[in-house]
Amino acid sequence: MEDISIYKIALFTIAVGKDPIYFNSVRRYFPYNKMNFGQDLDLDYYVFTDRNETIKEIVSIPCQTTLWPFTTLLKNNLITDYLDASGKWDTYSHIFFIDADFAIGDRYNFFQHDFLLVKPYWNNRNGGGFFYGGRTEYFRELCMLFYDEIRFIRENKLSIPRDLDEFYLGLFREQCSEHIYLIEMDQQTNTLIFYDNEDLDLTIQEKGKCLFMQPYKAEGRANKTYVIDDQNEKQECIINFEEGYIFNNYTYDFGRLLKIDDSFYRILWNKCPEVREILNIETYKISKPII
């Protein structure tokens, strides 16, 4: 049996932007990830952030918010750039990524497989992008698979192809299938869903431990807004006028907000940039302009 005590592990996450929700999530989930993911092994926990404050025992790496909306797609590029510049590729036996607003909820031997991908219940096509990783040589192979293409998209400010990150995770899954273990998520059995204003320790006591913990935005939170789309359907969105973006929690689409006047903003969606939609910030109604 392999001696896992000799492993050296890196866990990366990203928390950027003036909205404190993500950084606060890292602060909130760190104890769970440290205990349940690290399992007392030799673990370095990194956070890419543009915030000045730090969290004890987490290595903060400066990150530019101007990468939005590319940050999500560039998470592997950010990790690659850092490991290249610091020369730390050979430092770690295993490298993992986890989204700032997810947490490991229960102990699991993440190191028994060469590489892990998650098949979430909300996306049956490819491995989920909120948590993945494994042996360093496979993580590096995944990074190299789409590093140059995503860098080209960023540098030339091109529109992002739909589901690009999921596409490359799926491509990696096909090319390295013999080395990949897919964790099948199920909402009822291995994912603890809770509201992000709840007492998480109490929720765990009441509902039991699960492999992953996923928050829903609580009603009335400043970063959660309901809008009415042009089909008169209610959509849950995150809207940030200061940074000028909108994110649709139902379609996972990111849009830039271009101010027209005090009441109206033009939305430039990433997935459908050709769609001409207007957001009325007084009624939070999205409509198509009259030609």
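The residues of region 125-154 that are surrounded by fewer than 13 Cβ atoms within 10 Å (Cβ to Cβ), modelled with pLDDT of 80 or more and farther than 22 Å from residue 88 by Cβ amount to a single one, 152. When region 165-186 is limited to residues that are over 29 Å from residue 90 (Cβ atoms) and surrounded by 15 or more Cβ atoms within 10 Å (Cβ to Cβ), the one that is modelled with the highest pLDDT turns out to be 185. Taking region 242-291 and the strands (runs of 3 or more DSSP E) fully enclosed by it, the elements with 1 or more residues that are of a type in the set (Val, Ile, Thr) are at 245-248, 264-269, 277-280, 285-287. Scanning region 168-185 for residues that are out of contact with any Ser or Thr (no Cβ under 8 Å at 6 or more places or on another chain) and either under 15 Å from residue 215 (Cα atoms) or aliphatic (A, V, I, L, M) (or both) gives 169, 171, 180, 182, 183.
Apart from one condition, residue 245 fits all of (1) touching a residue at least 12 places away in the same chain (Cβ under 8 Å); (2) hydroxyl-bearing (Ser, Thr, Tyr); (3) surrounded by 13 or more Cβ atoms within 10 Å (Cβ to Cβ); (4) over 28 Å from residue 158 (Cα atoms); the exception is (4).
Among the residues of region 196-207, those identified as free of Cβ contacts under 8 Å to residues at least 24 places away in the same chain and in contact with a strand residue (DSSP E or B) (Cβ under 8 Å, 6 or more places away or on another chain) are 203, 207. Selection over region 216-241 of residues that are polar (S, T, N, Q), assigned to a loop (DSSP other than H, G, I, E, B) and modelled with pLDDT of 80 or more gives a count of 2. The residue pairs whose first member lies in region 129-157 and is closer than 16 Å to residue 75 by Cβ and in the same structural domain as residue 88 (by TED's automatic domain parsing), whose second member is of a type in the set (Lys, Arg) and crowded, with 20+ Cβ neighbours inside 10 Å, and whose beta carbons are closer than 9 Å, counting only pairs six or more residues apart or on different chains, are 129/75.
The values are calculated or read from the model by the stated rules, or taken from the named source; none is laboratory data. Just so it is clear, the structure is predicted and the values come from calculations on it, not from any experiment. Cβ atoms come from the backbone with ideal geometry, glycine included; neighbour counts cover every protein chain shown.
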